[in-house]
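One structure below.
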Amino acid sequence: MEADGLTNDQTEKVLQFQDLTGIEDMNVCRDVLIRHQWDLEVAFQEQLNIREGRPTMFAASTDVRAPAVINDRFLQQVFSANMPGGRTVNRVPSGPIPRSFTGILGYVINFVFQYFYSTLTSIVSAFVNLGGGNEPRLVTDPLGDVMKFIREYYERYPEHPVFYQGTYAQALNDAKQELRFLIVYLHKDPAKNPDVDSFCRNTLSSRSVIDYINTNTLLWGCDVASPEGYRVMQSITVRSYPLMVMISLRANRMMIVGRFEGDCTPEELLRRFQSVTAANEVWLSQARADRLERNFTQTLRRQQDEAYEQSLLADEEKERQRQRERDAVRQAEEAEERARRDVELRKEEIARQKIELATLVPSEPPVDTLGAIAVVFKLPSGTRLERRFNQTDSVQDVYHFLFCHPDSPDEFEITTNFPKRVLYSKADVDAAEGAANDALNKTLHDVGLKNREVLFVNDLEA
């Protein structure tokens, strides 16, 4: 077996399938597993179905349509009862060709007479069929016709090969799908046809014939007295009974490749089977190779498609990751821009407030003003400011003075040194709302400020 393209797991499954089924050709084992998507259990069950004569899942429906079968005698190996190894009830099996002149002459005359007699009877039968007696029969239950034939055959002939338990269309489809030879046997009442009874009782019951048919082919049979058997008989043209034809896939078409007419010995039938299969096995081998190549191409294409899909998914994920990074950078820049704008707006708002509040700062009283006190402010930058206020000025006036000074911080509190007291804190004022008005409206006299007292300005944003 060519193991190229198979993984270790697939090679192991091929070996297991060969052990389970006993199929010697590992290429066949591989082909069966490929058709069943390397499902060992399903492939083995299908082989059991075939061996027991049951249709596979592929042809399980009785409504399946039969593929066209080419019936060209020029492309068939034809064997008849008149050929060596053939026999009829009225004469003994053909023996060796006589060696004497008179014996040879008699043999030739007898052979020619039998050939022309068989041909003449076939022509007469054809004209009779054209004239009438060939009324079409409506096939209502093809599977029932087949199963009835199998039951009656098994009862009459206990030793027998396994018959396919499905319709003719199912058998054709399974043979095409499984790339196997299909033998079609058309049965006729053995009570009226001694050659048929002899063939079934002596030839088809031979162990060597049974083993060969069960191992290498599918066998489908039906009685021509039934609608299904009659329809098949019409499609493959019957000249004499018993009749078997071998159908195989050849050049992608189902074709009758062998025709076995009349009774013969088991050894001769086996030789004929082997001759036909040997001549046509190359077509099945080519079909298996083509199917394997198609399956390999499909598998390779599927793997390439999967790899391409995975590559696309990876690229899409990378693009999403890059987009997330770009979004994060953009959001950070936007947040930074918003913060910068907020700072600028705040600065503009503070500048506007300083301009507005500057008009509210009381004028500094003269040095000799009665009730005036000097207050020293120590700013966070180390700058010392000194400013005179009237004791009747409020804490809010002091705040306005400091807030409007260019060296003062934007957010600050005013505290005394010892004992430490907070005279003003913007955060407390913003939180207190209404209660803050009382604190801001207190005069410097009310809060106990003395002349030359030092007040500390603490930056709340530092």
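The values are calculated or read from the model by the stated rules, or taken from the named source; none is laboratory data. Only a predicted model underlies this, so the values are computations on that prediction, with no experimental measurement involved. Because the Cβ atoms are built from the backbone with ideal geometry, glycine has one as well, and the counts that use them run over all protein chains shown. Ligands, DNA and RNA are excluded from the accessible area calculation, which covers all protein heavy atoms including side chains. Shrake-Rupley method; radii C 1.70, N 1.55, O 1.52, S 1.80 Å.
Just a few scattered comments:
- Considering the stretch 375-453, the qualifying strands (runs of 3 or more DSSP E), each wholly inside and each with 1 or more residues that are closer than 27 Å to Glu349 by Cα, modelled with pLDDT under 85 and among the polar types (S, T, N, Q), run over 422-425.
- Filter result for Glu268 (open to solvent by 30 Å² or more (accessible area, probe 1.4 Å) and at pLDDT 90 or above): no
- In the stretch 145-163, residue most open to solvent (accessible area, probe 1.4 Å) [restricted to those that are part of a helix (DSSP H, G or I) and hydroxyl-bearing (Ser, Thr, Tyr)]: Tyr154
Residue-wise test of (1) among the hydrophobic types (A, V, I, L, M, F, W, C); (2) in the same structural domain as Ser80 (by the TED database); (3) out of contact with any Cys (no Cβ under 8 Å at 6 or more places or on another chain); (4) under 18 Å from Asn173 (Cβ atoms).
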position	(1), (2), (3), (4)
Ser240	no, yes, yes, no
Arg253	no, yes, yes, yes
Glu267	no, yes, yes, no
Leu284	yes, yes, yes, yes
Arg294	no, no, yes, no
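- Yes/no for Leu345 being modelled with pLDDT of 90 or more, assigned by the TED database to the domain that holds Asn441 and of a type in the set (A, V, I, L, M, F, W, C): no
- In the stretch 49-87, residue modelled with the lowest pLDDT [restricted to those that are polar (S, T, N, Q) and outside any loop (DSSP other than H, G, I, E, B)]: Asn49
- Leu182 vs. criteria modelled with pLDDT under 95, surrounded by 22 or more Cβ atoms within 10 Å (Cβ to Cβ), touching a Phe, Trp or Tyr at 6+ places or on another chain (Cβ under 8 Å) and not charged (D, E, K, R): no
- From the options Arg99, Arg91, residue that is at pLDDT below 70, among the basic types (Lys, Arg) and open to solvent by 70 Å² or more (accessible area, probe 1.4 Å): Arg99
- Of all the criteria given as (1) in a helix (DSSP H, G or I); (2) surrounded by fewer than 10 Cβ atoms within 10 Å (Cβ to Cβ); (3) among the polar types (S, T, N, Q), the one not satisfied by Ser363 is (1).
- Filter result for Arg291 (touching a residue at least 40 places away in the same chain (Cβ under 8 Å), under 30 Å from Ser198 (Cβ atoms) and open to solvent by less than 100 Å² (accessible area, probe 1.4 Å)): no
- Test result for Gly166, in a helix (DSSP H, G or I), open to solvent by less than 10 Å² (accessible area, probe 1.4 Å) and either in the same structural domain as Gln274 (by the TED database) or not charged (D, E, K, R) (or both): no
- Qualifying residue in the stretch 12-30 (condition: basic (Lys, Arg) and at pLDDT 85 or above): no
- Residue within the stretch 320-336 that is over 57 Å from the mean Cα position of the chain (by Cα) and open to solvent by 80 Å² or more (accessible area, probe 1.4 Å) present: no
- Matching helices (runs of 4 or more DSSP H) fully within the stretch 189-264 where at least 3 residues are surrounded by 20 or more Cβ atoms within 10 Å (Cβ to Cβ): 227-236
- Residue count, the stretch 391-422 (criterion: open to solvent by less than 40 Å² (accessible area, probe 1.4 Å) and of a type in the set (S, T, N, Q)): 4
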